Amino acid sequence: MRIVGRLFWILVAIVAACGLGVVGFERGEPVNSMWLVLAAAGSYAIGYRFYARFIAAKVMMLDDRRATPAERLRNGHDFEPTNRWIVFGHHFAAIAGPGPLVGPTLAAQFGYLPGTLWIIIGAVLGGAVQDFIILFCSMRRDGKSLGQMAREEIGKIGGVTALITVLLIMIILLAVIALVVVNALKDSPWGTFTIAATMPIAVFMGLYLRYWRPGKVLEVSIIGFLLVLLSIFGGQWVSHSPTFAPMFTMTGVALAIAIIIYGFLASALPVWLLLAPRDYLSTFVKLGVVILLAIGILFVRPDLQLPPLTRFVDGTGPIFAGKIFPFCFITIACGAISGFHALISSGTTPKMIAREWHAWPVGYGSMALESFVAIMALIAACALQPGVFFAVNSPAGAVGITADAAVATITGWGYPVTVNEMQILAEEVGEKSLFYRTGGAPSLALGMAHIFASTGGGRAILGFWYHFAIMFEALFILTIIDAGTRVGRFMLQDLLGHVYAPLGRTSWMPGVIMTSAAIVLAWGYFLYQGVIDPLGGINTLWPLFGIANQLLASIALCVATTILVKMHRAKYMWITVGPLVWLLIVTFTASYQKIFSDQPRIGFLAQAEQLRSVADQTQAIKTQIFNAQLDAVLCAIFVVLVTLIVLDSVRTWLGVLKGTRDARVNESPFVVTQLRVEEI
Amino acid sequence: MRAFFRVILGLLREIGDENAYQRHLLAHGLTHSPEEYRRFSDERFRGKYARAKCC
């Protein structure tokens with residue numbers, strides 16, 4: 001490395017260290033968000049340039065002379081050598097979902113410090129490494145999926161376990177993100193109208209693409225976006241209309257039922273009519289908003305109002321119960337390490353990589369960028385006044401069922417807030433009330449709206465930006481619900497096809513309806529459970545989702561380690577075993593506490609026991625007891641499944657290391673690339 | 001700057017499947033028609049929405 005280069009990287013390291021130092025040690029004065037940005041950006045740059053490059057060169061030994069599946073299996077559809085920055089953007093758009101936005105917002109209840117450190121360290125040493133290595137493994141295996149690789153490299157148990165785990169995670173994921181939407185739209189005619197309007201807009205886009213201007217996706221997406229903006233203004237009008245406002249003012253249960261019915265229809269309707277056009281629109285809006293938020297944060301540079309550590313590090317937090325360890329590490333999954341990314345890294349992306357070294361920016365770089373999105377979400381949430389943050393995010397069961405009781409409780413915690421302050425804020429954003437808006441989306445929308453409004457327009461347009469942010473979050477959450485229900489249906493059909501062959505056929509209508517209904521009812525049940533939960537549902541469902549997602553990451557890291565061992569790279573297995581061991585400690589501890597803790601707000605069994613002691617055993621109480629027991633069983637199933645795959649993996653590693661087991665790697669054969677530079 | 005915008009437009013067209021459609025026409029020696037686009041998108045969506053979307 002030349003001297004200028006060395007000086008540059010030394011400067012980056014100093015900047016990152018200063019940022020981390022200020023974030024870690026500054027007390028008393030509010031910290032400016034730029035320190036978080038510098039700490040994160042510097043750390044990602046160092047991780048990318050040195051650690052990821054070391055993994056690429058020494059561990060995986062990427063070879064640009066080797067033809068990738070995109071070249072060898074080129075078919076113009078899935079397999080196509082593509083410009084690395086286009087693949088980078090494509091991959092980033094695929095991995096960036098609501099997780100990196102909602103998780104850090106919820107974890108802000110501990111203060112900004114634990115979340116920031118976990119997001120940065122977790123991504124640099126864990127999440128980005130997992131995405132990068134799985135992308136490499138899939139690329140060397142003609143774009144095979146995680147499940148296929150688990151089956152081939154570890155064994156049948158690994159494959160089946162991975163499939164069942166993914167299916168169960170999908171169910172919990174769909175329930176929890178649907179709950180985020182329900183809590184954001186509850187009693188909000190403006191938000192509900194805007195989101196309801198996106199459905200006919202998507203159908204219009206589908207028809208436009210199918211019959212009027214086939215192939216003009218960018219054109220129809222611009223039209224769709226303008227219509228969505230119009231619907232935000234329409235929503236404001238609706239919220240003031242004495243006729244229409246009551247029609248769009250819905251309770252949590254009514255919204256949950258509406259989303260369940262919607263999920264079923266979206267799963268059964270032709271994809272081109274609703275799902276695909278909405279997916280195009282939501283992906284473009286998502287990329288646009290992420291860029292807008294980055295510009296907004298750089299322009300406004302807000303101070304962080306939340307302290308580095310809150311009093312809730314002791315585990316008594318109102319948003320979710322439990323101490324920093326292990327709960328911070330499962331609450332923030334997607335911004336630090338997410339098992340779901342392994343499904344994307346072994347999906348479309350490996351089929352588009354033109355040169356092996358392109359996996360470096362695509363696999364590691366995209367995850368670093370996603371982690372940066374999580375940092376931005378954390379900044380947006382922590383820029384709110386702490387009293388406001390807790391008033392929005394705390395359920396009535398934790399702070400009291402009236403506004404007066406809620407502000408008294410929250411002020412008593414040392415985070416002053418008044419009813420009047422909350423009322424003015426609610427009026428500014430066009431809502432009746434902002435109390436008990438659990439789920440993370442409303443407080444994130446508030447933070448984003450403040451940042452956007454500060455760049456111009458001021459508080460006068462706070463309402464527009466708030467509902468723009470809600471629309472942005474709900475739009476791609478609903479797309480995930482559409483697509484997830486459909487994928488869940490395929491997976492269930494795949495499993496049931498072994499029992500009764502016609503059920504496995506995706507064209508057999510009774511099978512389609514039955515399996516769609518089964519998937520919708522499964523996640524719908526957990527959604528309903530969350531909606532009627534007096535503690536807001538997030539306290540139960542988000543940790544379950546976090547545990548499941550991190551356990552999927554453990555499976556991905558098991559697959560990655562197995563492949564490294566078989567490649568005779570055992571001396572480097574610490575790269576994947578390190579994050580794996582950490583995730584197993586975190587998730588097993590969290591699972592144990594969620595099942596067996598004697599505190600009813602944490603332990604499912606203790607919660608069931610407490611409910612059993614209530615004198616008046618109504619049907620609602622009996623249902624809650626059943627739900628708590630069901631959650632405990634589900635949590636235990638996750639742990640058992642992952643224990644099986646870990647043991648199976650360790651058996652394979654030991655066998656290969658001792659020489660008693662075949663160390664053959666299932667890579668596709670080496671073929672010299674014929675791809676010319678100008679082709680990519 | 002021009003190269004940057006070319007990449008951005010390329011990315012948007014890739015996300016919108018417009019590039020994939022052009023490749024499809026080129027690979028099979030076809031010309032654009034509403035029927036061909038419908039055939040292409042049906043095939044494309046079948047694969048695309050059989051995979052989970054990330055959280």
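Okay, here's what the table says:
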item: Region A:89-112, residues that are more than 14 Å from chain B (Cβ to nearest Cβ) and not aromatic (Phe, Trp, Tyr); result: A:105, A:107, A:108, A:109, A:111
item: Residue A:429 out of contact with any Leu (no Cβ under 6 Å at 6 or more places or on another chain) and surrounded by 20 or more Cβ atoms within 10 Å (Cβ to Cβ); result: no
item: Of the criteria (1) assigned to a helix (DSSP H, G or I); (2) touching a strand residue (DSSP E or B) at 6+ places or on another chain (Cβ under 7 Å); (3) more than 14 Å from chain B (Cβ to nearest Cβ), which one residue A:58 fails; result: (2)
item: Selection within region A:454-506 - within 11 Å of another protein chain (Cβ to nearest Cβ), over 22 Å from residue A:179 (Cβ atoms) and touching a Gly at 6+ places or on another chain (Cβ under 9 Å); result: A:493, A:494
item: Within region A:86-184, helices (runs of 4 or more DSSP H) holding 1 or more residues that are among the aromatic types (Phe, Trp, Tyr); result: A:112-122, A:128-139
item: Any hit, region A:601-614, residues being closer than 15 Å to residue A:645 by Cβ, crowded, with 24+ Cβ neighbours inside 10 Å and in contact with a helix residue (DSSP H, G or I) (Cβ under 9 Å, 6 or more places away or on another chain); result: no
item: Positions within region A:514-550 being aromatic (Phe, Trp, Tyr) and surrounded by fewer than 22 Cβ atoms within 10 Å (Cβ to Cβ), in sequence order; result: A:525
item: Which listed residue, of A:440, A:400, is buried (at least 24 other Cβ atoms within 10 Å of the Cβ) and closer than 29 Å to residue A:248 by Cβ; result: A:440
item: Segments classed as helices (runs of 4 or more DSSP H), wholly inside chain B, with at least 2 members that are closer than 30 Å to residue A:166 by Cβ and of a type in the set (A, V, I, L, M); result: B:2-15
item: Residues of region B:32-44 classified as polar (S, T, N, Q) and more than 7 Å from chain A (Cβ to nearest Cβ), total; result: 1
item: Subset tally (residues that are closer than 23 Å to residue A:123 by Cβ and either touching a Pro at 6+ places or on another chain (Cβ under 8 Å) or within 14 Å of chain B (Cβ to nearest Cβ) (or both)) for region A:289-309; result: 5
item: Within region A:239-257, tally of residues that are farther than 14 Å from residue A:185 by Cα and either touching a residue at least 24 places away in the same chain (Cβ under 8 Å) or part of a loop (DSSP other than H, G, I, E, B) (or both); result: 4
item: Filter result (more than 28 Å from residue A:71 (Cα to Cα) and of a type in the set (Phe, Trp, Tyr)) within region A:358-393; result: A:372, A:389, A:390
item: Given (1) surrounded by 16 or more Cβ atoms within 10 Å (Cβ to Cβ); (2) at pLDDT below 95; (3) of a type outside the set (A, V, I, L, M, F, W, C), number of the condition residue A:104 does not satisfy; result: (2)
item: Number of the condition not met by residue A:406 [criteria: (1) touching a residue at least 12 places away in the same chain (Cβ under 8 Å); (2) under 30 Å from residue A:169 (Cα atoms); (3) among the small types (Gly, Ala, Ser)]; result: (2)
item: Test: residue in region A:119-136 that is within 14 Å of chain B (Cβ to nearest Cβ), over 19 Å from residue A:546 (Cα atoms) and of a type in the set (Asp, Glu); result: no
item: Out of B:47, B:16, B:29, B:10, sole residue that is at the interface with chain A (Cβ under 7 Å from one of its Cβ atoms) and surrounded by fewer than 17 Cβ atoms within 10 Å (Cβ to Cβ); result: B:47
item: Where residue A:247 falls short, out of the listed (1) modelled with pLDDT under 95; (2) over 30 Å from residue B:13 (Cα atoms); (3) of a type outside the set (Ser, Thr, Tyr); (4) more than 27 Å from the chain's Cα centre (by Cα); result: (1)
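The values are calculated or read from the model by the stated rules, or taken from the named source; none is laboratory data. Worth saying up front: this structure is predicted, and the values here are computed from it rather than measured. We place every Cβ from the backbone using ideal geometry, glycine too, and count neighbours over all the protein chains shown.
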